[in-house]
Amino acid sequence: MMDIKKRIEDARTVMRQKQLDCLILSPSADLYYMTGLSPIAAERPVFLIVLREEAYVILPAFEADDLREEIKEQISCIFWQETEDPYRKAAACVGGGSIRIAAGDAMPNVMAYRLARQIKAASWSLGSEVMEELRARKDAAELKYLMTAQEKSEAALLRTLEQGLEGFTEREVAQRLKGYLEEEGLSCRGLPLVAAGQNGAVPHHQAADCRICFQDAVVIDFGGSYEGYFSDITRTVAVGKPPEGFEEIYGTVRAANEAAFQAAAPGITCGCLDEAARQVIREAGYGGFFTHRLGHGIGLDIHEPPYIVAGSRKQIEPGNVFSNEPGIYLPGRFGIRLEDDLYIGQKEAECLTGLGHELLVVD
């Protein structure tokens with residue numbers, strides 16, 4: 001049972017620190033985090049309204065019978081009929097007078113506009129002022145879901161590689177991997193990234209009908225979600241035999257991944273952590289070929305704060321989960337990326353990804 005009351009109290013703590021009076025969320029990962037609700041994002045509004053003393057869920061009356069008892073027990077539910085104006089009901093909950101409101105970042109513009117028309121004296125800011133801090137610190141239950149997503153994703157990759165790669169198209173391998181992810185019990189949006197040969201030099205190449213050949217390097221970036229929480233893993237494998245120069249560069253990427261893992265700890269800034277990996281690649285002579293940030297937070301969204309990017313002064317904190325994914329991309333030749341997911345404990349990092357870093361050569 002989700003402790004909705006605790007999450008609301010945690011939100012209120014941040015609201016007081018930010019001098020905010022009200023938080024309003026619509027259907028989104030933020031709403032799911034706070035309540036476990038995942039309604040269809042449509043024209044009928046569903047809102048969570050958190051005030052300093054009260055909290056309400058506002059939703060269509062015809063959804064009342066389908067609402068879980070744990071929600072009804074922990075928060076006041078206000079239902080609106082099709083003939084009623086839900087924005088007026090929301091405004092009545094918020095009350096009058098000057099008030100500072102944080103509205104969810106994913107709220108559609110039309111909903112934010114209609115709320116603002118009803119709550120006239122308010123000043124508005126982004127809901128991420130509250131939600132980013134809460135969601136970045138994973139609790140024990142969230143960590144368990146993240147670890148399960150990792151384990152199931154790894155099993156799906158191993159099953160995929162057992163079937164071989166040579167002679168199949170990128171798309172066929174991606175479809176096979178997606179099928180195994182789903183068989184393992186994960187939800188999988190779209191197709192995994194599979195990039196063979198020179199396609200691997202494009203960091204976000206989408207799997208196409210290119211056939212995988214002997215001595216290709218193949219970048220496989222994949223994952224799925226378990227109870228809403230994502231995994232995100234990348235491995236680069238060689239088909240039959242590594243291409244010329246691959247093993248040396250793979251060793252550099254592997255060393256960069258390890259350097260970032262060793263540096264990851266509470267208190268280090270995201271920019272310094274990015275530099276720990278980037279320095280290894282730069283000193284090997286490939287600095288211009290590491291073209292993206294080192295990583296990103298992972299949770300209910302596959303990309304979320306904290307962002308491990310050069311220049312960021314944001315400090316890593318206990319409870320953060322993020323990717324560690326250095327890469328080198330050589331146009332016209334191949335790309336190499338090695339991505340793990342890290343959890344930050346009270347003193348050091350733990351790698352949630354169980355797959356090793358040894359060079360994989362498959363048929």
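Among Tyr307, Phe168, Ala91, flag the residue with its Cα farthest along the positive direction of the charge dipole of the chain, charges on Cβ as +1 for Lys/Arg and -1 for Asp/Glu.
Sorting the options by dipole projection puts first Ala91.
Relative to the present Cα-Cα distance, how much length would full extension add between Leu134 and Glu54 at 0.36 nm per residue of separation?
Computed gain between Leu134 and Glu54 is 26.9 nm.
Report the gain in length on full extension from Asp3 to Glu283: 0.36 nm times residue separation, minus Cα-Cα distance, nm rounded to one decimal.
The Asp3-Glu283 span can extend by a further 95.9 nm.
Using the heavy atoms of the protein chains alone and a 1.4 angstrom probe, what is the accessible area of region 244-363 per residue in square angstrom?
42
Quick check for me: using +1 on Lys/Arg Cβ and -1 on Asp/Glu Cβ, what's the dipole size of the chain about its Cα centre, in debye to the nearest 20?
In debye, rounded to 20, the chain gives about 1180.
Could you tell me the calculated FRET efficiency between Ala141 and Glu162, based on Cβ-Cβ distance and R0 = 22 angstrom, to the nearest 0.05?
Computed FRET efficiency for Ala141 and Glu162 comes out at 0.10.
I need the calculated FRET efficiency for the pair Lys120 and Glu73, taking r as the beta carbon distance and R₀ as 30 Å, to the nearest 0.05.
The calculated FRET efficiency here is 0.30.
Give the long-range amide H neighbours of Ile99: residues separated by 5 or more places, or on another chain, with amide H under 5 Å away, using H modelled in the peptide plane at 1.01 Å from N.
Ala122, Ser123
Would you please classify the overall shape of the chain from the alpha carbon gyration tensor, given that a ≥ b ≥ c denote the square roots of the eigenvalues, rounded means a/c under 1.5, and beyond that prolate means a/b larger than b/c while oblate covers the rest?
Note, shape of the chain comes out prolate.
When a/c is below 1.5 the answer is rounded, else prolate if a/b is larger than b/c, else oblate, so apply that to region 92-197 with a ≥ b ≥ c taken from the square roots of the Cα gyration tensor eigenvalues.
Prolate, since a/c reaches 1.5 and a/b exceeds b/c.
Taking the mean number of other Cβ atoms within 10 Å as a proxy for protection, how do you rank 309-315, 22-28, 347-353 from highest to lowest?
Output ranking for 309-315, 22-28, 347-353: 22-28, 347-353, 309-315.
Quick one: 3J(HN,Hα) in Hz for region 220-229, Karplus 6.51/-1.76/1.60 with θ = phi - 60°, rounded, Gly and Pro as x.
10, 10, 7, x, x, 10, 10, 6, x, 9
Would you mind telling me the share, in percent, of accessible area of region 162-212 contributed by carbon and sulfur at probe 1.4 angstrom?
43
Is it possible to state the helix-based mean residue ellipticity at 222 nm for the chain, with each DSSP H run of 4+ residues giving -39500 (n - 2.57), the sum divided by total residues, to the nearest 500 deg cm²/dmol? What is it?
Theoretical 222 nm ellipticity from helices: -10500 deg cm²/dmol.
Can you tell me how region 248-363 classifies by the Cα gyration tensor, rounded, prolate or oblate, using a/c under 1.5 as the rounded cut?
In terms of gyration-tensor shape, prolate.
What number comes out for the charge environment of Lys138, summing +1 per Lys or Arg and -1 per Asp or Glu over other residues with Cβ under 12 Å away?
Net local charge, Lys138 excluded: -3.
Towards the positive end of the charge dipole of region 282-363, with charges on Cβ (+1 Lys, Arg; -1 Asp, Glu), say which of Leu294, Leu360, Tyr343 has the farthest Cα.
With unit charges placed on the Cβ atoms, the residue in question is Leu294.
Name the long-range amide H neighbours of Gly240: under 5 Å, sequence gap of 5 or more, or other chain; modelled H, no Pro or chain starts.
Gln215, Val362, Asp363
The values are calculated or read from the model by the stated rules, or taken from the named source; none is laboratory data. Computed from a prediction, not measured in an experiment: that's the story for all the values here. Virtual Cβ from ideal backbone geometry, glycine too; neighbours counted across all protein chains shown. Note: areas computed on protein heavy atoms with side chains; ligands, DNA, RNA excluded. Shrake-Rupley method; radii C 1.70, N 1.55, O 1.52, S 1.80 Å.
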